[in-house]
Structures are given as structure tokens and as C-alpha cells.
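In what follows, a structure is listed as C-alpha cells, so that the remarks can point back to it.
The values are calculated or read from the model by the stated rules, or taken from the named source; none is laboratory data. From a predicted model like this one, the values you see are computed outputs, not experimental measurements. Glycine also receives a Cβ, built like all others from the backbone with ideal geometry; neighbour counts cover every protein chain displayed. We work out accessible area using only protein heavy atoms, side chains counted, and drop any ligands, DNA or RNA first. Shrake-Rupley method; radii C 1.70, N 1.55, O 1.52, S 1.80 Å.
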Amino acid sequence: MNASTFTKFRDLIHAHSGIDLAPGKEALVSSRLAKRIRDLGLSNEMEYFDYLSADQSLNELTRLIDLMSTNVTHFLREFEHFEMLSEMLHELWKNGPAPVKFWSAACSSGQEPYTLAMIVHEAARAMAIDPRIVKILATDISTQILRQAEEGFYNTRELEHVPPEWQKRYFQKSPSGTGYQISDSIRSLVTFRRINLSHSPFPMQGPFDAILCRNVMIYFDKEVRTKIVGEAYRLLRPGGYLLIGHSENLSGIDTPFRSVRATVYRKAGAA
Ligand SMILES: C[S@@+](CC[C@H](N)C(=O)[O-])C[C@H]1O[C@@H](n2cnc3c(N)ncnc32)[C@H](O)[C@@H]1O
């Protein structure tokens, strides 16, 4: 891919997703587009760019963003966050049940919100509380990955981080033996929705007790990151938590969040 074609795609992708492709990513973009270009019967990248520009429905643009997104995730990823949220639930429920709202802001194929739902079930079981008082909103920009997340079907390898007793409690083995289906009790706590983090203000209702916005801000420039952090602050309850990915930080972003420890931030105010 030559420099001027790369710049065209780069600007388009940035305008619609906030994803900031640094120079040097030409080969990556090219390889992710190749199959789509072939499937459409087009002969090169500029033809595909023209096809995208002519598509009034924006469906092809959504596909392009799907192709550019990196969806790597796994169950129990960065488990310290889930331990912390489990402690938060125990603390919150020590005097009885109270409703809780979480937001998994770039949920990929669902492992993050489903891990959260398993943590909720475990805490609720230990405290004899109905877990359905917890609501988990799970969002992503990619419609294709959201479909996969809603389906909640994972192959055996994807469950390797899940303890065997949780596998038994929260998954059903498929009759063919090829994978596992997430149970209805877990699935029913989670609502999936498409939200583009680069387009603020976000349309959903807070306040949330915690927002997980992990391993996605690395793809954005400072302006988009600043807006996301501002929106997270607005949508959290006082004392609520923002959790970000292990390779991310809020340095250089002007925000009232207080850092609790690496990757954990708290909104000021009563707990
Ligand atoms: C690497 S995954 C992170 C998944 C999960 N949060 C974790 O930490 O395991 C990044 C996700 O961000 C999503 N994403 C990328 N740009 C986005 C945007 N502008 N708005 C919402 N989600 C976006 C991708 O589709 C992808 O599913």
C-alpha cells in the first residue's frame, strides 16, 4: 500500500472509530483488507476506497472498522480487577442487597462481561443475594464481534483460564464436544449494544459503579482518550471505579480521577 492510499484509509478509519493508525502500519492495513477486496471482486485498494465512499448505507464502513479492530481478549484477563470488584460487591452488600451497574466498554467477544457476571454470581452466592440485581452493559464498535459475544459460544481452548468448577457451573458443553455455551444465568445479566467510543457524548444512562475500559484506549489519540475519560467520569457514581488495561495509563490527560493504583482510578465522592 503506498503512502497516499494509506493516508486516505487512515483518515477515514480515524474519523469513524478514533483508531489512530501510526505510519508504518501500511502492511497491516493492506493484509486486513485483502480478503474483503477479493470477495467484492475489486482489483485494488483504491477501488475499495471508492466503493466505501459511494456506500451511503455506511454498512461497508462498519465492515472496514470490524476488519481494523483487534479483538484479542480472554476470560479472567487481568484478574486483579475482578478480585477488586468482588471485594467491592462484598463491601456493598454487607448490609443487604443493593443494585449494581457495570459497563464493559470494549467488550470484544464477551469474555470480559461474562467474567464479570461470573464474579457477580460467586459474590451473590456467598452472600445469599439474588445476582439479578446486577446489570452489566457490554458494548463494542464491532457488530460482528458483538454477534459472537451475544452467542456466547467458546471453544475448549478459550476456556483454559476458567477454573474447572466455574466451567461446570457457568457453561454447558456442546453435544458435539466442540465447545461450551455460556449459561443463561450468566448471559441474562449482560446487555450487548454497539457504542462507538470515539463519538461522545455516550447515549447510555449511568450511574455505573464501575466501568471497564481496558485494552482499547491504546488505539486512540490523546483527544479521543481525553473525551472517553471525561465521559467515564460523568457516567460513574461518586466513588465509582474506572479500570483500564495493563499497558495503559491516564498520564497527560487532565482529569479529576484519583489514581488508586496502576490501572485503577476512582471518582471523588462518597462510596
Ligand atoms: C483488544 S480488545 C479488548 C477487549 C477487552 N476489553 C479486554 O481487555 O480483554 C479491543 C476492543 O475494542 C474495540 N474497539 C475498537 N475501537 C472502538 C471504538 N471506537 N469504540 C468501541 N470499541 C472499539 C474492538 O472492536 C475490540 O473488540
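Which of the residues belonging to region 39-82 are among the hydrophobic types (A, V, I, L, M, F, W, C), out of contact with any helix residue (DSSP H, G or I) (no Cβ under 6 Å at 6 or more places or on another chain) and free of Cβ contacts under 8 Å to residues at least 24 places away in the same chain?
Selection gives Leu40, Ala54, Leu58, Phe79.
In this structure, is Gly252 modelled with pLDDT under 95, away from the ligand (no atom under 15 Å from the Cβ) and closer than 24 Å to Leu21 by Cα?
yes
Being assigned to a loop (DSSP other than H, G, I, E, B), more than 22 Å from the chain's Cα centre (by Cα) and at pLDDT below 95: is that true of Gly24 here?
Criteria met by Gly24.
Which numbered condition trips up Arg187, out of (1) open to solvent by 30 Å² or more (accessible area, probe 1.4 Å); (2) at pLDDT 95 or above; (3) within 16 Å of the ligand (Cβ to nearest atom)?
(3)
Restricting to region 145-168, give me the number of residues that are in contact (Cβ under 8 Å) with a residue 24 or more places away in the chain and under 29 Å from Leu236 (Cβ atoms).
The total comes to 9.
Test Ala117 against the stated conditions and say whether it is touching a residue at least 12 places away in the same chain (Cβ under 8 Å), part of a helix (DSSP H, G or I) and in the same structural domain as Arg194 (by TED's automatic domain parsing). Please lay out each step first, then the result.
Details: touching a residue at least 12 places away in the same chain (Cβ under 8 Å): yes; part of a helix (DSSP H, G or I): yes; in the same structural domain as Arg194 (by TED's automatic domain parsing): yes.
Considered against the rule, which asks whether it is touching a residue at least 12 places away in the same chain (Cβ under 8 Å), part of a helix (DSSP H, G or I) and in the same structural domain as Arg194 (by TED's automatic domain parsing), Ala117 comes out as yes.
Step by step: first the residues of region 63-79, then only those that are crowded, with 18+ Cβ neighbours inside 10 Å and among the β-branched types (Val, Ile, Thr), then the one that is farthest from the chain's Cα centre (by Cα). Which residue is that?
This residue is Ile65.
Just to verify a result, which residue in region 211-247, among those that are in contact with a strand residue (DSSP E or B) (Cβ under 8 Å, 6 or more places away or on another chain) and hydroxyl-bearing (Ser, Thr, Tyr), is farthest from Asn71 (Cα to Cα)?
Tyr233
From the list Phe49, Phe102, Phe82, Phe75, pick out the single residue that is of a type in the set (Phe, Trp, Tyr), away from the ligand (no atom under 14 Å from the Cβ) and either part of a loop (DSSP other than H, G, I, E, B) or modelled with pLDDT of 95 or more (or both).
Phe49
Whether any residue in region 46-57 is among the acidic types (Asp, Glu), open to solvent by less than 30 Å² (accessible area, probe 1.4 Å) and more than 22 Å from Asp209 (Cβ to Cβ) is what I want to check.
No; the residues of region 46-57 include none that is among the acidic types (Asp, Glu), open to solvent by less than 30 Å² (accessible area, probe 1.4 Å) and more than 22 Å from Asp209 (Cβ to Cβ).
Does region 212-221 contain any residue that is more than 15 Å from the chain's Cα centre (by Cα) and surrounded by 15 or more Cβ atoms within 10 Å (Cβ to Cβ)?
Keep residues of region 212-221 that are more than 15 Å from the chain's Cα centre (by Cα), which gives 221.
After this cut, where a residue has to be surrounded by 15 or more Cβ atoms within 10 Å (Cβ to Cβ) as well, the list is none.
No, region 212-221 contains no residue that is more than 15 Å from the chain's Cα centre (by Cα) and surrounded by 15 or more Cβ atoms within 10 Å (Cβ to Cβ).
Which one is surrounded by the most Cβ atoms within 10 Å (Cβ to Cβ) among residues in region 240-257 that are of a type in the set (Gly, Ala, Ser) and assigned to a loop (DSSP other than H, G, I, E, B)?
My answer is Gly245.
Which count do you get for residues in region 52-68 that are within 16 Å of the ligand (Cβ to nearest atom) and assigned to a helix (DSSP H, G or I)? Don't jump to the end; show me each part of the working.
Applying the first criterion (within 16 Å of the ligand (Cβ to nearest atom)) to region 52-68 yields 58, 61-68.
Of the ones still in play, those that are also assigned to a helix (DSSP H, G or I) are 61-68.
Residues in region 52-68 being within 16 Å of the ligand (Cβ to nearest atom) and assigned to a helix (DSSP H, G or I): 8 in total.
Across region 200-211, which residue is farthest from Ile141 (Cα to Cα) among those that are surrounded by fewer than 19 Cβ atoms within 10 Å (Cβ to Cβ) and in contact (Cβ under 8 Å) with a residue 24 or more places away in the chain?
By that ranking, first place goes to Pro207.
Inside region 123-239, counting only strands (runs of 3 or more DSSP E) that do not spill past its ends, which hold 1 or more residues that are closer than 30 Å to His14 by Cα, in contact with a helix residue (DSSP H, G or I) (Cβ under 8 Å, 6 or more places away or on another chain) and of a type in the set (Gly, Ala, Ser)?
Correct list: 134-140, 208-213.
Quick grid of which residues meet (1) within 20 Å of Asp184 (Cβ to Cβ); (2) open to solvent by less than 50 Å² (accessible area, probe 1.4 Å):
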| residue | (1), (2) |
| --- | --- |
| His81 | no, yes |
| Met84 | no, yes |
| Glu87 | no, no |
| Leu92 | no, no |
| Asn95 | no, no |
| Cys107 | yes, yes |
| Asp130 | yes, no |
| Leu137 | yes, yes |
| Gln148 | yes, no |
